[in-house]
Amino acid sequence: MLELYQFELSHFSEKVRLILDYKGLAYRKIEVVPGMGQLDLFRMSGQRQVPVLKDGGKIISDSTAIALYLDKTYPDRPIIPTNPQQKANCLLLEQWADSSIGIKGRSILLESLKNSNLRTSILPAGTPDILRNLVGSIPREAIDVLGLGLGLTPDSIRAAKAEMHRSLESICLLLAQNSCDYLTGDTPTLADLTVAGLSLLIKIPDGPYLNIADNLKGKGIPGFADNPDYDLFFTWRDKLYADFRKPHKPDMNNSGTATAPTTIAID
């Protein structure tokens with residue numbers, strides 16, 4: 001069976017999960033715990049970032065490389081159009097979404113991580129309590145310092161927000177003008193699945209798709225998730241999920257009982 005090394009709330013992991021579900025491929029999720037888990041991932045794949053796909057003896061990292069591998073190896077329900085113009089539009093949209101919605105979404109999320117409950121809630125379920133408590137106790141000021149260390153100044157975060165607004169406005173305009181339900185043709189492509197999956201951090205889908213606390217579902221970044229100007233986009237995205245994303249199956253412990261995500265409160 002395919003194995004996906006991931007973080008549950010990684011939007012690039014979600015991009016791959018959506019592709020796997022659309023293609024109807026069975027896979028097992030392996031949550032990568034920060035620290036030692038990332039070292040194990042590095043030993044296996046040569047890098048610490050998720051997602052990483054393992055298919056037998058093959059190891060594929062990077063969400064785009066994984067998508068192209070899956071489409072070539074498992075050609076049923078293709079996600080790359082054969083029509084040259086549609087293929088070009090699909091690949092351009094996917095590349096644009098990775099760098100705009102994907103990268104800028106990660107920058108914008110940092111500001112929201114000043115909420116300690118949100119910080120601990122996005123950690124993988126297997127994160128040791130000592131690390132979870134340490135992450136939860138980080139002062140808000142330290143998050144600002146961390147952001148500066150990553151080059152995320154207040155000006156860069158404002159610029160990322162402005163670009164995200166332009167991105168969502170552009171997708172809404174494209175959807176409003178399309179005569180079909182998808183971005184580049186009559187069926188979903190890599191472009192659709194990328195744009196939908198990468199919007200995870202902007203607004204979490206309100207459905208049984210993720211192994212997270214129920215009170216996180218449907219939540220998102222203020223100014224985006226609750227902006228009526230983007231209703232068309234989120235309605236489109238949620239229909240794509242309803243049509244193709246498979247419900248999460250609870251992990252089972254040794255006694256055969258389903259494990260539940262930690263309940264948190266978000267201000």
Need one number: nm distance between label points at Leu173 and Asp186, each 7 Å from Cα along Cα→Cβ, rounded to one decimal. 2.8 nm
Candidate lysines - alpha carbon under 24 Å from Lys246, same-chain residues fewer than 8 apart omitted: Lys15, Lys23, Lys29, Lys54, Lys72, Lys203, Lys217, Lys219
Starting at the first residue of the stretch 78-88, write each ³J(HN,Hα) from the Karplus equation 6.51 cos²θ - 1.76 cosθ + 1.60 with θ = phi - 60°, in whole Hz, x for Gly and Pro. x, 10, 10, x, 8, 4, x, 5, 5, 5, 4
Using the basic label-point model (7 angstrom from Cα toward the beta carbon), what is the Leu232 to Lys246 distance in nanometres? 3.4 nm
Could you pull out every residue, at least 5 positions away or on a different chain, whose amide H is within less than 5 Å of the one on Ile202? Hs are placed 1.01 Å off N in the peptide plane, and Pro or chain starts have none. none
³J(HN,Hα), Karplus 6.51/-1.76/1.60, whole Hz, each residue of the stretch 220-231, x for Gly, Pro: x, 7, x, x, 10, 5, 9, 8, x, 5, 10, 4
Dividing the convex hull volume of the alpha carbon atoms of the stretch 2-73 by its residue count, what do you get in Å³ per residue? 77 Å³
Added length on full extension, which subtracts the Cα-Cα distance from 0.36 nm per residue, Asp40 to Arg77: 10.0 nm
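No lab work stands behind these numbers, since they all come straight from the coordinates. Every value quoted in this text rests on a predicted model; they were computed, and no experiment measured them. Positions of Cβ are backbone-derived with ideal geometry, glycine not excepted, and every protein chain shown enters the neighbour counts.
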